[in-house]
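The values are calculated or read from the model by the stated rules, or taken from the named source; none is laboratory data. All values derive from a computational prediction rather than experimental measurement. Glycine also receives a Cβ, built like all others from the backbone with ideal geometry; neighbour counts cover every protein chain displayed.
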Protein chains: 2
Amino acid sequence: MTEESGDEAARHRDKMAKRKAVQDAEVAAKTIEKGLLIVHTGPGKGKTTAALGLMLRALGRGWRVACVQFIKGGWDTGERRAVEVFGPQASWHTLGEGFTWETQDKARDIAACRHAWKRAEALMADPGIRLIVLDELNIALRYDYLDLEAVVATLRARRPDLHVVVTGRNAKPALIEAADLVTEMGSVKHHFAAGVKAQEGIEF
Amino acid sequence: MTEESGDEAARHRDKMAKRKAVQDAEVAAKTIEKGLLIVHTGPGKGKTTAALGLMLRALGRGWRVACVQFIKGGWDTGERRAVEVFGPQASWHTLGEGFTWETQDKARDIAACRHAWKRAEALMADPGIRLIVLDELNIALRYDYLDLEAVVATLRARRPDLHVVVTGRNAKPALIEAADLVTEMGSVKHHFAAGVKAQEGIEF
């Protein structure tokens, strides 16, 4: 090693040691533990997929988890099959019947969303469950198929150790206000625009 | 049902029928099937988590999958344990030794990244694998620990049926150019800012 490269290595070490000290202080300053209300919104891909990733991580920790699907119907074979591998540790509740342009029946859509919300309330009341995904709840709220105020109040009043993940575009401001963590998925580039179809194993 | 609500239901049905026709035409226009190069970038949460969700969905489809971790070290217990449930269908390769401010040794970081990339190349050459996650590869590229041009060329030359997911902040423009799908995770609200610590089952 030349003297110069030895100097450079020392500079790198000093810089990173300082960065580590800042990082460690930041970590030490965070002491609160609580069940989080997490929202994945925005027009990009990955909202439901990141919720699935959280389910997987929680399953790996031995937690019981549940997913309630408010809108989607048949597009979930891959994830359902994977979650079934964990047996009674996970439960999956598909109560939506597809997007509203599939059913073309508003009264039926509203009934399905209310049914799904009742199921979500029952799951939130089960003390054995540590993480619940409310998939596409934002769509149900956007179309006013559920009462926003009542839904947000119930989510705010969740058990202190329960994590809830809400997905879907156009999250309502009241929900964002109540949330601990909100990620906006932005679409930088999309293969659908290049004529690539939705494929098994990737989209469903 | 009153006449008025009957009219409203009819209007809703018509509107949704038109929307469905547009939707169906859009779906029909997409005919290409190909292995995608997917990039999850941006400052928000969910980049690695959404990659895990893709792994889970692919596992549910019975595919063989692999994950190579370029930077992270010990923060992966939850997801590793979950993926181990799928036995030889999934393989996990943790070759990074932590963030660079942890090791404070640039030469060691570079060696670890090169080792990880060699492993990634070997996995990409295995025709049995259908999806590979290259976790935090963007960090390795950002610090110039790997040759950008060579990495992008190899990713572009991947097998036609192989999906590759690259995660990490600050994705390089050349990688975005080569990608089929790019999602930017934006941070709208973060619980760390409110003093909440990284918690088991959620962050790791």
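Observations
- Being touching a helix residue (DSSP H, G or I) at 6+ places or on another chain (Cβ under 8 Å), at pLDDT below 85 and surrounded by 16 or more Cβ atoms within 10 Å (Cβ to Cβ) holds for only one residue in A:L131, A:L95, and it is A:L95.
- Complete set of residues in region B:175-204 that are modelled with pLDDT of 85 or more, farther than 11 Å from B:V39 by Cβ and more than 8 Å from chain A (Cβ to nearest Cβ): B:E203
- Scope region A:9-54; condition part of a helix (DSSP H, G or I), out of contact with any Gly (no Cβ under 8 Å at 6 or more places or on another chain) and farther than 28 Å from B:V166 by Cβ; matching residues: A:A9, A:A10, A:R11, A:R13, A:D14, A:A17, A:K18, A:A21, A:D24, A:A25, A:A28
- Entry remark, region B:110-128: residues being within 16 Å of the chain's Cα centre (by Cα) and modelled with pLDDT under 95 number 0 in total.
- Any hit, region A:26-37, residues being at pLDDT 95 or above, in the same structural domain as A:E184 (by TED's automatic domain parsing) and aliphatic (A, V, I, L, M): yes
- Scanning region A:43-54 for residues that are at the interface with chain B (Cβ under 7 Å from one of its Cβ atoms) and closer than 12 Å to A:S187 by Cβ, we see that the one that is surrounded by the most Cβ atoms within 10 Å (Cβ to Cβ) is A:G46.
- Of the residues making up region B:8-18, those that are more than 25 Å from A:G42 (Cβ to Cβ) and surrounded by 15 or more Cβ atoms within 10 Å (Cβ to Cβ) are B:A9, B:H12.
Here's the yes/no breakdown for (1) in contact with a helix residue (DSSP H, G or I) (Cβ under 7 Å, 6 or more places away or on another chain); (2) surrounded by fewer than 24 Cβ atoms within 10 Å (Cβ to Cβ); (3) more than 7 Å from chain A (Cβ to nearest Cβ):
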| site | (1), (2), (3) |
| --- | --- |
| B:K20 | yes, yes, no |
| B:D24 | no, yes, yes |
| B:A28 | no, yes, yes |
| B:L36 | yes, yes, no |
| B:L56 | yes, no, no |
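- Test: B:R142 is touching a helix residue (DSSP H, G or I) at 6+ places or on another chain (Cβ under 7 Å) and surrounded by fewer than 23 Cβ atoms within 10 Å (Cβ to Cβ): no
- Contact map, region A:29-48: residues that are without any contact (Cβ under 8 Å) to a residue 60 or more places away in the chain paired with residues that are aliphatic (A, V, I, L, M) and not in a loop (DSSP other than H, G, I, E, B), Cβ distance under 6 Å, separation 6+ or inter-chain. Pairs shown: A:I32/B:V196.
- Verdict on A:G6 being assigned by TED's automatic domain parsing to the domain that holds A:A140 and at pLDDT 80 or above: no
- Candidates A:T31, A:T49: the one that is polar (S, T, N, Q) and within 30 Å of B:R61 (Cβ to Cβ) is A:T49.
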